[in-house]
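To start, the structure itself, in structure tokens.
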Amino acid sequence: MPVPRDRLVRILLVEDELKVASFIRSALEEHSYAVDVSHDGEEGCYLAESTDYDLIILDIMLPKMDGFQLLRRLRARKPGLPVLVLTARGTVEDRVRGLDLGADDYLVKPFALAELTARVRALMRRGVREGSTELRVDDLVLDSARRRVTRAGKPIELSNKEYSLLEYLMRNANHAVTRGMIAEHVWDSSFDSFTNVIDVYINHLRNKVDRNFGRRLIHSVRGVGYRISATESEHDQVS
């Protein structure tokens, strides 16, 4: 199933080794992915079935339910969801079994981080139609292939989280998005939605994207959240 391109990539990592999980999560978040982590098979299976993920990274040797069992159940319920098996079990028999059960890719530990992120990108590209890497709103351009943002031809330097937030807004251009929607797709399940972090990052973006340019693109929408658009709306408010 193609990955919906109106939102950012959300990944579930099912890995019982805490240090390995923390290392992988940090690396993926550096690439602007939102990452949830589970440390056992039963919880991982529940999250995979109940949450709208774009990719599962799955260990095999897990407590409570092993990765092969989880993969079998997942394929029965979500046959189109990409699954990357990441495990120390690297025999030919294990690889064949994982791929036969429906894994889209199989990477053996120890692994190079660059290879893992490259494989994630490759799996995500399968659902991206050709020519969809560039987003435009008025004179603001985001090139997701090069991770480059410009406005009126001038480069704009963004942090990873600022980039993720801007990409989500631009993939929903001309539509209002709520703070809850932003939290779900730009942050992860551990995000505290009662903080003002989203508003802080919106202000960071406004300072970089709108300040010193003739037209304001990022709008606050009364009672809803935010919208990026080249045009004003009667529901917009100045903030």
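The values are calculated or read from the model by the stated rules, or taken from the named source; none is laboratory data. The model shown is predicted, which means the values in this text are computed figures rather than measured ones. Positions of Cβ are backbone-derived with ideal geometry, glycine not excepted, and every protein chain shown enters the neighbour counts.
Using beta carbons and a limit of 8 Å, which pairs, at least six apart or on different chains, have the first residue in region 176-203 and within 17 Å of residue 13 (Cα to Cα) and the second one among the aromatic types (Phe, Trp, Tyr) and at pLDDT 80 or above?
185/168; 186/168
For region 24-38, name all the residues that are assigned to a helix (DSSP H, G or I) and touching a Leu at 6+ places or on another chain (Cβ under 9 Å).
Across region 24-38, the qualifying residues are 24, 25, 27, 28.
Across region 1-50, which residue is modelled with the highest pLDDT among those that are hydroxyl-bearing (Ser, Thr, Tyr) and either touching a helix residue (DSSP H, G or I) at 6+ places or on another chain (Cβ under 7 Å) or buried (at least 21 other Cβ atoms within 10 Å of the Cβ) (or both)?
38
Pull up region 66-101, narrow it to residues that are farther than 23 Å from residue 9 by Cα and of a type in the set (Gly, Ala, Ser), then point me to the one that is modelled with the lowest pLDDT.
Within region 66-101, the match that is modelled with the lowest pLDDT is 90.
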